[in-house]
Amino acid sequence: VADPNARGQRNNVLAWFWSLDVEGDSDSSDWLNEFYRVHWLCAKAMRDRWAEELLLVQHEMDWTCNSFRHKAEEWIRLAAISKLAHKEGHLAYAERQCKIYRHLFGEARDAFNRATAACAPVQH
(Lines give C-alpha, C1' and ligand atoms only; values in the text may rest on other atoms or scores of the structure.)
Protein backbone atom coordinates (compact mmCIF):
# COMPACT_ATOMS: atom_id res chain seq x y z
CA VAL A 1 0.00 0.00 0.00
CA ALA A 2 1.41 3.39 -1.00
CA ASP A 3 2.09 6.09 1.55
CA PRO A 4 -0.50 8.84 0.80
CA ASN A 5 1.72 11.44 2.47
CA ALA A 6 4.73 10.68 0.25
CA ARG A 7 5.82 13.26 -2.29
CA GLY A 8 3.87 12.94 -5.57
CA GLN A 9 1.05 10.84 -4.10
CA ARG A 10 -1.48 13.66 -3.78
CA ASN A 11 -3.11 13.19 -7.19
CA ASN A 12 -2.90 9.41 -7.40
CA VAL A 13 -6.12 7.52 -7.87
CA LEU A 14 -7.06 4.03 -6.87
CA ALA A 15 -6.39 1.28 -9.37
CA TRP A 16 -9.46 0.00 -11.21
CA PHE A 17 -9.62 -3.27 -9.26
CA TRP A 18 -10.14 -1.40 -5.97
CA SER A 19 -13.36 0.08 -7.32
CA LEU A 20 -14.97 -3.29 -8.12
CA ASP A 21 -18.15 -3.81 -6.20
CA VAL A 22 -17.63 -7.22 -4.65
CA GLU A 23 -20.55 -8.22 -2.47
CA GLY A 24 -19.64 -7.90 1.19
CA ASP A 25 -15.91 -7.39 0.59
CA SER A 26 -15.53 -4.79 3.33
CA ASP A 27 -17.84 -6.61 5.76
CA SER A 28 -15.38 -9.43 6.24
CA SER A 29 -12.20 -7.34 6.27
CA ASP A 30 -11.52 -4.59 8.78
CA TRP A 31 -8.43 -3.63 6.79
CA LEU A 32 -10.42 -3.20 3.56
CA ASN A 33 -13.15 -1.28 5.36
CA GLU A 34 -10.54 1.10 6.81
CA PHE A 35 -8.88 1.35 3.39
CA TYR A 36 -12.14 2.49 1.78
CA ARG A 37 -12.81 5.01 4.59
CA VAL A 38 -9.32 6.50 4.37
CA HIS A 39 -9.54 6.78 0.59
CA TRP A 40 -12.95 8.44 0.86
CA LEU A 41 -11.65 10.94 3.44
CA CYS A 42 -8.62 11.78 1.25
CA ALA A 43 -10.88 12.35 -1.75
CA LYS A 44 -13.25 14.52 0.31
CA ALA A 45 -10.34 16.59 1.67
CA MET A 46 -9.03 17.14 -1.86
CA ARG A 47 -12.48 18.20 -3.08
CA ASP A 48 -12.85 20.58 -0.12
CA ARG A 49 -9.43 22.14 -0.82
CA TRP A 50 -10.34 22.74 -4.47
CA ALA A 51 -13.72 24.22 -3.51
CA GLU A 52 -11.94 26.59 -1.12
CA GLU A 53 -9.38 27.51 -3.79
CA LEU A 54 -12.19 28.27 -6.26
CA LEU A 55 -13.86 30.53 -3.72
CA LEU A 56 -10.57 32.35 -3.04
CA VAL A 57 -9.88 32.85 -6.75
CA GLN A 58 -13.37 34.27 -7.29
CA HIS A 59 -12.80 36.75 -4.46
CA GLU A 60 -9.36 37.64 -5.79
CA MET A 61 -10.90 38.40 -9.18
CA ASP A 62 -13.38 40.77 -7.50
CA TRP A 63 -10.61 42.38 -5.44
CA THR A 64 -8.52 42.95 -8.56
CA CYS A 65 -11.38 44.66 -10.40
CA ASN A 66 -12.24 46.75 -7.34
CA SER A 67 -8.60 47.78 -7.01
CA PHE A 68 -8.41 48.95 -10.63
CA ARG A 69 -11.71 50.82 -10.29
CA HIS A 70 -10.54 52.49 -7.07
CA LYS A 71 -7.25 53.59 -8.68
CA ALA A 72 -9.15 55.06 -11.64
CA GLU A 73 -11.43 57.00 -9.26
CA GLU A 74 -8.40 58.22 -7.31
CA TRP A 75 -6.82 59.57 -10.51
CA ILE A 76 -10.11 61.27 -11.42
CA ARG A 77 -10.01 63.01 -8.02
CA LEU A 78 -6.39 64.05 -8.56
CA ALA A 79 -7.23 65.31 -12.07
CA ALA A 80 -9.96 67.53 -10.62
CA ILE A 81 -7.51 68.95 -8.09
CA SER A 82 -4.94 69.57 -10.85
CA LYS A 83 -7.55 71.29 -13.00
CA LEU A 84 -8.51 73.65 -10.18
CA ALA A 85 -4.84 74.44 -9.58
CA HIS A 86 -4.30 75.08 -13.32
CA LYS A 87 -1.53 72.49 -13.47
CA GLU A 88 -1.84 71.29 -17.06
CA GLY A 89 0.99 68.76 -16.86
CA HIS A 90 -0.42 67.19 -13.70
CA LEU A 91 -3.88 67.13 -15.28
CA ALA A 92 -2.62 65.37 -18.41
CA TYR A 93 -0.74 62.80 -16.32
CA ALA A 94 -3.74 62.14 -14.07
CA GLU A 95 -6.07 61.71 -17.05
CA ARG A 96 -3.63 59.28 -18.65
CA GLN A 97 -3.36 57.25 -15.43
CA CYS A 98 -7.14 57.20 -15.13
CA LYS A 99 -7.44 55.91 -18.68
CA ILE A 100 -4.87 53.17 -17.97
CA TYR A 101 -6.70 51.96 -14.84
CA ARG A 102 -10.09 52.07 -16.56
CA HIS A 103 -8.63 49.96 -19.36
CA LEU A 104 -7.12 47.50 -16.86
CA PHE A 105 -10.48 47.30 -15.08
CA GLY A 106 -12.33 46.55 -18.33
CA GLU A 107 -9.81 43.95 -19.46
CA ALA A 108 -9.77 42.22 -16.07
CA ARG A 109 -13.57 42.23 -15.78
CA ASP A 110 -13.99 40.76 -19.28
CA ALA A 111 -11.32 38.10 -18.72
CA PHE A 112 -12.76 37.13 -15.35
CA ASN A 113 -16.30 36.96 -16.78
CA ARG A 114 -15.06 34.63 -19.53
CA ALA A 115 -13.22 32.48 -16.98
CA THR A 116 -16.24 32.34 -14.67
CA ALA A 117 -18.53 31.37 -17.55
CA ALA A 118 -16.13 28.58 -18.58
CA CYS A 119 -16.14 27.01 -15.09
CA ALA A 120 -18.95 24.69 -14.18
CA PRO A 121 -20.46 25.24 -10.74
CA VAL A 122 -19.07 22.96 -8.04
CA GLN A 123 -21.58 20.49 -6.62
CA HIS A 124 -21.28 19.65 -2.91
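At-a-glance table
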read-out	value
Solvent exposure, largest accessible area first (probe 1.4 Å, DNA, RNA and ligands not counted), of HIS90, HIS39	HIS90, HIS39
Probe 1.4 Å, all protein chains present, accessible-area order of ASP30, ASP110, largest first	ASP30, ASP110
Length released on extending from GLU95 to LEU32, taking residue separation times 0.36 nm less the Cα-Cα span	15.9 nm
√(5λ) per eigenvalue of the Cα gyration tensor, segment 34-103, largest first, Å	51, 7, 6
Rounded accessible area per residue of segment 49-124, 1.4 Å, Å²	78 Å²
Nearest-10 value in Å² for the accessible area of PHE105, using the 1.4 Å probe	40 Å²
Accessible area of segment 46-101 belonging to carbon and sulfur atoms, whole % at 1.4 Å probe	60 percent
In Å², nearest 10: area of MET46 left accessible to a 1.4 Å probe	50 Å²
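The values are calculated or read from the model by the stated rules, or taken from the named source; none is laboratory data. If you're wondering where the values come from, they're calculated on a predicted model, not measured in any experiment. These area figures cover heavy atoms from the full protein model, side chains too; ligands, DNA and RNA do not enter into them. Shrake-Rupley method; radii C 1.70, N 1.55, O 1.52, S 1.80 Å.
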